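K.L.:
My questions will all concern the structure given below.
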Amino acid sequence: MGEGIYDCVVCADVLEHLADPVGILKRLRRAARPDAMFVISLPNVAHIAVRGMLLVGRFPKMQRGILDKTHLQFYTKDTAADMLREAGLKVQRVMSTVVPLEDAGDGMLVKAMMGVQRMMVAVAPRLPAMQWIFVAKGE
């Protein structure tokens, strides 16, 4: 991997699968230009559905999603930001994604659920966030 050659580094749903994500990010920082942008997405283990399962004593490994059985790391918004800082990245923006309910159709129930989800994002954005998307740069 060359040094200082990349303008943008995208780690989309990758770091949670690695044993040493901080070490990998540090290597990627060396490969990137000093002003390179990093776009990193990570699943949110503090999603309301995961919290509900924990309340009833469940932490199942699943085929996909937040509790994917191949995940080695689990992050909340704060622990993800801490990990990025440890790797020498300065977070500039954080966004979230929610459950894509529109994929279930366009009926009244789906529209109502989408409305509830939008309200939750406005009131308590950490609960409905399926994943966090960070935009960061080297410090």
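K.L.:
Indicate the gyration tensor shape class of the chain (rounded, prolate or oblate), computed on the Cα atoms with a ≥ b ≥ c the square roots of the eigenvalues: a/c under 1.5 is rounded; otherwise a/b larger than b/c is prolate and the rest oblate.
P.N.:
Numbers: a/c = 2.35, a/b = 1.76, b/c = 1.34.
Prolate shape, in that a/c is at least 1.5 and a/b is the bigger ratio.
K.L.:
Within segment 4-139, what is the number of lysine pairs with alpha carbons under 24 Å apart, leaving out pairs fewer than eight places apart on the same chain?
P.N.:
9
K.L.:
Under unit Cβ charges (Lys, Arg +1; Asp, Glu -1), what dipole magnitude, rounded to 20 debye, does segment 73-139 have relative to its Cα centre?
P.N.:
Values: 8 positive and 7 negative charges, 46 e Å.
So the dipole magnitude of segment 73-139 works out to roughly 220 debye.
K.L.:
Moving to a separate point now. For the chain, with a Gaussian network of springs between Cα atoms less than 10 Å apart, report the residue from 54, 67, 109 with the top mean-square fluctuation.
P.N.:
Highest fluctuation of the listed residues: 109.
K.L.:
Once the Cα atoms of helix 108-123 and of the chain are each reduced to a long axis, what angle between those two axes, in degrees from 0 to 90 to the nearest 10, is obtained?
P.N.:
50 degrees
K.L.:
Loop-only GluC sites (Glu not before Pro) in segment 1-98, please: DSSP not H, G, I, E or B, and at most 12 other Cβ atoms within 10 Å.
P.N.:
Values: sites: 3, 16, 86; in loops: 3.
Answer in residue order: 3.
K.L.:
Right, next: Using alpha-carbon pairs under 8 Å, 6+ residues apart, how would you state the relative contact order of the chain in percent? Working shown, then result.
P.N.:
Values: 218 pairs, mean separation 44.5, N = 139.
Relative contact order for the chain comes out at 32 percent.
K.L.:
Trypsin sites (Lys or Arg not before Pro) within segment 47-88: which are DSSP loop residues with at most 13 other Cβ atoms inside 10 Å?
P.N.:
Values: sites: 51, 58, 61, 64, 69, 77, 85; in loops: 58, 61, 64, 69.
Sparse-neighbourhood loop trypsin sites (Lys or Arg not before Pro): 58, 61, 64, 69.
K.L.:
Looking only at the chain, where both bridge partners belong to it, what percent of the DSSP beta bridges are antiparallel (to the nearest 5)?
P.N.:
Values: 15 of 23 bridges.
The answer is about 65 percent antiparallel.
K.L.:
Per residue, what accessible area does the chain have, given a 1.4 Å probe and all protein chains present, in Å²?
P.N.:
Numbers: 8350 Å² over 139 residues.
Per residue, the chain has 60 Å² of solvent-accessible surface.
K.L.:
Under a GNM of the chain (C-alpha, springs under 10 Å), which listed residue has the highest mean-square fluctuation: 38, 74, 59?
P.N.:
Highest fluctuation among the options: 59.
K.L.:
Taking the simple approach of a point 7 Å from Cα along Cα-to-Cβ for both residue 18 and residue 35, what is their distance in nm?
P.N.:
2.5 nm
K.L.:
Then there is this: For segment 41-121, what is the convex hull volume of its Cα atoms per residue in Å³? Spell out each step's value before the answer.
P.N.:
On the way: hull volume 10.2 nm³, N = 81.
In segment 41-121, the Cα convex hull volume per residue is 126 Å³.
K.L.:
Probe radius 1.4 Å, ligands and nucleic acids ignored: give me the carbon and sulfur share of the accessible area of segment 1-122 as a rounded percent.
P.N.:
Details: 4420 of 7580 Å².
Roughly 58 percent, rounded to a whole number.
The values are calculated or read from the model by the stated rules, or taken from the named source; none is laboratory data. All of these numbers come straight from a predicted model, not from anything done at the bench. All Cβ positions, glycine included, derive from the backbone under ideal geometry; neighbour counts span all protein chains shown. Heads up: the accessible areas ignore ligands, DNA and RNA and are worked out on the full protein's heavy atoms, side chains in. Shrake-Rupley method; radii C 1.70, N 1.55, O 1.52, S 1.80 Å.
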